[in-house]
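Participant: Attaching a single structure in structure tokens format; questions to follow.
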Amino acid sequence: MTISRATLLLLLLPGVGYLVLFFGLPLALALLTSLGMGTIGTNQGFTLSHYAELFSNSVYRDGISYSLYISVVPTLVSLAVALPLAVTLQAAFPGKKLFLTLYKAPLVVPGIVAAFIVMILFDRGGEMSRILKPLGLSLPKLVRDDWSLGVIIALAWKSIPFMTLIIGGALASIPTDLALAARTLGASRLTVFWQIELPLALPGITAAVLLVFVGSTGAFAVPSLLGPIYPKPLSIWMYEAAYQKNDWGLATAMGIVLSAIACAVLLVYYRLTSGLHHATGGEVR
Amino acid sequence: MTLRALLLAASLICAANAPAFAFDPVGAPDFNIKTSIDLKALTTATFYDVLTPLAVKDGTVVFYDFGESEKDLFAEIIHRFEAKYPGVTIDYHQVDGDQAVQQLIAAKQAGQPSPVDLFWMPNGSVRVANEAGVIANLPLNTMLPSAPDLNQNAATVSRGYVHNGVVAPFHRNQTAIAFDTRVVPEGTEPKSFPELLAYAKANPMKVAITDPTKGGSGSGFLETAILAMATKDCQARLYDYTLTEDEAKAWAASPCLDPVLAYFKELKPVVEFTNGNSDTLNLFTNGEINVGTVWEDMVFDFIGRGLIPTTIKARLMTEGEVGDGDGAMIPSGAVHLAGALLFMDYLMSDEIQLYKLSVNGSRSARTKLDIAKALGPDVVSRLVPQGQYDTLARPRIVGTVTNAAAARFVTEILQAK
């Protein structure tokens, strides 16, 4: 059956139209505003001054670096916990059903609530400090600290169940026959994991990593409450530029840079999965 | 009849007629608000007679409250207002102040009427809102019959920005130094900048300074330090409201700020910089700090709600400390102007100004208010001592200087390892 070009376009219209209207158009408007030609704020005519300010001001440059830091580190921490957890959850163990329900709890907790939980538990004089004090123990500084440990804890706590779900799904889709066959041929459990399961689950793992990374890039509430007073992530400077200085040109330039970082990671993801696709003869896609 | 008697009679006649002058728009030949009310003919003498029937006819006034903890206060104020003016109801909304300002700007740019008739707004957003033309150019500093005695700086300046009276100073607050009397008995607290530094060095991490770029008590502390440490020549420009942004940046880049930054460099390793006003107070609650920078009204409110111990007291530095406030304005696109003006007038009245002081520790810009009526023992214990407030409270310096100074603070103090 052949479909006419017009019919095809009509069929595509709802999906493509939605993307253009709610993603493409706002992004295009933001880009135009960042170049001084937008409808938000003062129309200055074409200018690169907002980008120049963003990259020439050391405070904003530190903001970009810090945004990357609080995206990469919580993602790696989440991966380090989620991967073994997802593997463990493939096996049967007593209480698995209850655990499967409980570990997903952070998924329904908003980021700002997660930040308050970490603050109440780990701030100076918080609950953990009070518990440990009679034992003569004390916590390192976890809130407003230079390494942003509190931020990392809160963001990773939110991301681990999400990542585990995606990786668990990828692992579950691998035929068990493969692992069993490898085992009968003498491969250890660890070898099966490294040589068979991990490569086959890699598309799911990279997707999870990508989504967590992108989600953390724009984190606002968590670093605002738990982070050091300097540096601040670009999301906080963006809010300040837009809402306190009414400088939408600078704010949208920051938004475009954050989006560009996310897009760059997306491209790396496609590059990675494309490489895997070729390496495995198209099986993993 | 003696000359003295004649002069007295003339003075009395002038005084009786003084409030009855008509009002002029602020900064323009015409009012920027569309209304059927003849604003140029309105006087304080005709204020209620003209506006009350129109407000009743409109029926509703949409009111935005940007505050985080004034919901109960406004519930009571609105209850009293609606009882005083039957037929006029207040449609109350608690909003995020910065976002509401953007909403008003967007409505104006779209040619739409304002979604709100009266907005109690954050002082830091007055410049943005006024420069975007969303504030009605009504001379609120002179046109409200209930508030003839406003402190003129408070009534015409918001966070160092001169608005010339288009924002009514509904709420005044004061930055202060708080201390926990369980560990710092009254009388032994640090009272000046040198004493604070000495205390911080002797008690590392027991003093919290709010981030000057994030919380008003921090930027107020920075301004107070500037007032205390800048030389006389440098201080000459701190209340020069004609200062341009470039001039403010030049001032902050000059040696004028050096003694302040030198002070902060010494302070930095021994204090905790916090992420906001509440963050500082939370450390008091956790018993982790003994001294911190605060807003007086927040201390009052937090003690009242049991969020910090009653042992926390606030005082002003002997060098003087800056205070400020958040005002209410009527947007240029407001559609219920009569009711908005009546409600504004009520907010500034003796009754409400005293009530909010007793309930929220919110100071007043009214200079002839008999505040002794509101100062019961519980109120007094939660406020800065009145004698200190009367003698040591200072207005905030020019806002552009503060911003430029805060920017230099970030690069030279916070960025430095």
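The values are calculated or read from the model by the stated rules, or taken from the named source; none is laboratory data. Bear in mind the structure is a predicted one, so any value in this text is a computation, not a measurement. Methodologically, a virtual Cβ is constructed for each residue, glycine included, from the backbone with ideal geometry; neighbour enumeration extends over all protein chains shown.
So that you can scan it fast, the table gives a plain yes or no per residue for (1) free of Cβ contacts under 8 Å to residues at least 12 places away in the same chain; (2) more than 14 Å from chain B (Cβ to nearest Cβ):
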{"site": "A:Val108", "(1), (2)": "yes, yes"}
{"site": "A:Val118", "(1), (2)": "no, no"}
{"site": "A:Leu137", "(1), (2)": "yes, yes"}
{"site": "A:Trp147", "(1), (2)": "yes, no"}
{"site": "A:Ile160", "(1), (2)": "no, yes"}
{"site": "A:Ala181", "(1), (2)": "yes, yes"}
{"site": "A:Trp194", "(1), (2)": "yes, yes"}
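Participant: In region B:64-81, which residues are within 10 Å of B:Phe343 (Cβ to Cβ) and out of contact with any helix residue (DSSP H, G or I) (no Cβ under 7 Å at 6 or more places or on another chain)?
Facilitator: Pass one, region B:64-81, residues within 10 Å of B:Phe343 (Cβ to Cβ): B:77-78, B:81.
Correct list: B:Ile78 only.
Participant: Oh, and also: Hey, can you tell me all the residues within region B:125-153 that are surrounded by 23 or more Cβ atoms within 10 Å (Cβ to Cβ) and small (Gly, Ala, Ser)?
Facilitator: B:Ser125, B:Ala129, B:Ala136, B:Ala147
Participant: Tell me which residues, restricted to region A:262-275, are touching a helix residue (DSSP H, G or I) at 6+ places or on another chain (Cβ under 6 Å) and either buried (at least 22 other Cβ atoms within 10 Å of the Cβ) or not aromatic (Phe, Trp, Tyr) (or both).
Facilitator: Step one: filter region A:262-275 for residues touching a helix residue (DSSP H, G or I) at 6+ places or on another chain (Cβ under 6 Å), giving A:262, A:265, A:269, A:272-273.
A:Ala262, A:Val265, A:Leu272, A:Thr273 - these are the residues of region A:262-275 that are touching a helix residue (DSSP H, G or I) at 6+ places or on another chain (Cβ under 6 Å) and either buried (at least 22 other Cβ atoms within 10 Å of the Cβ) or not aromatic (Phe, Trp, Tyr) (or both).
Participant: Additional query: Across region B:125-145, what is the number of residues that are away from every other protein chain (no Cβ under 14 Å) and small (Gly, Ala, Ser)?
Facilitator: Our first condition is that a residue be away from every other protein chain (no Cβ under 14 Å); within region B:125-145, this holds for B:136-145.
Narrowing further to those that are small (Gly, Ala, Ser): B:136.
So the count comes out to 1.
Participant: Would you check which residues across region A:210-228 are surrounded by 22 or more Cβ atoms within 10 Å (Cβ to Cβ) and outside any helix (DSSP H, G or I) and list them?
Facilitator: Residues of region A:210-228 surrounded by 22 or more Cβ atoms within 10 Å (Cβ to Cβ): A:212-213, A:216, A:219, A:222-223, A:225-227.
Those that are surrounded by 22 or more Cβ atoms within 10 Å (Cβ to Cβ) and outside any helix (DSSP H, G or I): A:Ala219, A:Gly227.
Participant: Hey, another quick one. Could you identify the single residue in B:Ala236, B:Ala230 that is over 27 Å from B:Arg363 (Cβ atoms) and away from every other protein chain (no Cβ under 14 Å)? It would help to see each step written out before you state the result.
Facilitator: Numbers: B:Ala230 fails: over 27 Å from B:Arg363 (Cβ atoms).
Testing whether each residue is over 27 Å from B:Arg363 (Cβ atoms) and away from every other protein chain (no Cβ under 14 Å) leaves just B:Ala236.
Participant: Considering (1) away from chain A (no Cβ under 14 Å); (2) touching a residue at least 60 places away in the same chain (Cβ under 8 Å), say which one B:Gln152 fails and leave the rest.
Facilitator: (2)
Participant: Go through (1) closer than 20 Å to B:Asn360 by Cα; (2) outside any helix (DSSP H, G or I); (3) assigned by TED's automatic domain parsing to the domain that holds B:Arg159 for B:Phe343 and report which single condition fails.
Facilitator: (2)
Participant: While we're looking at this one, here's another question. May I ask you to list the residues in region A:198-234 that are more than 14 Å from chain B (Cβ to nearest Cβ) and of a type in the set (Gly, Ala, Ser)? Walk me through how you get there before you give the answer.
Facilitator: Within region A:198-234, the first condition is being more than 14 Å from chain B (Cβ to nearest Cβ), and the residues that meet it are A:198-219, A:234.
Residues satisfying the conditions are A:Ala201, A:Gly204, A:Ala207, A:Ala208, A:Gly215, A:Ser216, A:Gly218, A:Ala219.
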